[in-house]
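In what follows, a single structure is set out as structure tokens and then discussed.
The values are calculated or read from the model by the stated rules, or taken from the named source; none is laboratory data. Bear in mind the structure is a predicted one, so any value in this text is a computation, not a measurement. Don't worry about glycine lacking a Cβ; one is built from the backbone with ideal geometry, like all the others, and counts go over all protein chains shown.
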Amino acid sequence: MLESGLEGRVCLVTGAGNGIGRATAELLAGEGAQLALCDNQEEALASVEVADALKITADLSTRPEVERVLAATRERFGRLDVLIHCAGIYRVTQLPEVSDAEWELVMDVNLRSSFLLSQGAVELMREHGDGRIVLFGSFAARTGGLRASAPYAASKAGVAGLTKHVAQYAGPLGVRVNCLHPGFTVTPMTSILGEQARAEAVERAPLRRHCGPEEQARMAVVLASDLAAFVHGVTLDVNGGMYMA
Ligand SMILES: NC(=O)c1ccc[n+]([C@@H]2O[C@H](COP(=O)([O-])OP(=O)(O)OC[C@H]3O[C@@H](n4cnc5c(N)ncnc54)[C@H](O)[C@@H]3O)[C@@H](O)[C@H]2O)c1
């Protein structure tokens, strides 16, 4: 039997109100983890049915909010073992129409939050010499994406580079750091795409189907688990073969 080693571990999952983050929270609960769940949508977060979870409504694009989330997690559980950072936003704006405001918003929510959370999580994890961080990039980081806007693709490519930097710094401290690059996944995020884009995603993936959030969540949980004990600094494509590295 394969053991995840996640029972009793303190896991912070962001974007837990919807999609991949929500599926990740449910999976971790099944593994017996202690959960801190964060999202900026209070109602969505409240609707997640996981016993004894700490639920924190916060906008993770700013330093004070990230510090508040990490402090609340530490106050409740006394430590942090795992960070799975799923929160993010997607835009499909064509290049000529991308405003400075949109650029800044997408970069702040997707990339700055990844930096701030990694920076803070490593400080907590180094206290006990063990930790696992999973960040979320995207197929868009590899290819420019399926209808993805410039700031989205750039922010996700930034997450991939950030992953490698944090992995180099934090590995000697006992903290493993990896990044997942999902392909098209059926979640609230992709509901803004029309039928044509969805059909195109199926056509481009050799497995000829979409995946659901739980398939991405499973890989995030594996990366955070003891099953991936020697996996470090990796960007893992989970896209049905849409992009092959
Ligand atoms: N769904 C896909 O096809 C796909 C493909 C590639 C990458 N991804 C990435 O996977 C991750 C999860 O995506 P998803 O499809 O589950 O998205 P989703 O929209 O279904 O869920 C994302 C969650 O993040 C939360 N969030 C957004 N901004 C936030 C903020 N500033 N602070 C706190 N929470 C915030 C939202 O409220 C939402 O609950 C994202 O990083 C996304 O970019 C998704």
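Values as computed for the structure displayed
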read-out	value
Residue satisfying all of: in region 174-199; away from the ligand (no atom under 13 Å from the Cβ) and surrounded by fewer than 16 Cβ atoms within 10 Å (Cβ to Cβ); nearest to GLN119 (Cα to Cα) among these	GLY174
In region 74-101, residue surrounded by the fewest Cβ atoms within 10 Å (Cβ to Cβ) [restricted to those that are within 14 Å of the ligand (Cβ to nearest atom) and over 15 Å from the mean Cα position of the chain (by Cα)]	VAL92
Selection within region 31-71 - small (Gly, Ala, Ser), closer than 27 Å to GLU104 by Cα and surrounded by 17 or more Cβ atoms within 10 Å (Cβ to Cβ)	ALA44, ALA58, SER61
ASP100 within 19 Å of GLU65 (Cα to Cα) and among the charged types (D, E, K, R)	no
Given (1) within 13 Å of the ligand (Cβ to nearest atom); (2) under 22 Å from VAL221 (Cβ atoms); (3) part of a helix (DSSP H, G or I), index of the condition GLU65 fails	(2)
Of all residues in region 116-139 being among the β-branched types (Val, Ile, Thr) and either closer than 25 Å to ALA153 by Cβ or out of contact with any strand residue (DSSP E or B) (no Cβ under 8 Å at 6 or more places or on another chain) (or both), the one that is nearest to the ligand (Cβ to nearest atom)	VAL134
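Yes/no matrix, rows are residues, columns are (1) at pLDDT 95 or above; (2) in a helix (DSSP H, G or I):
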| site | (1), (2) |
| --- | --- |
| ALA121 | yes, yes |
| ILE133 | yes, no |
| ALA141 | yes, yes |
| GLY145 | no, no |
| ALA153 | yes, yes |
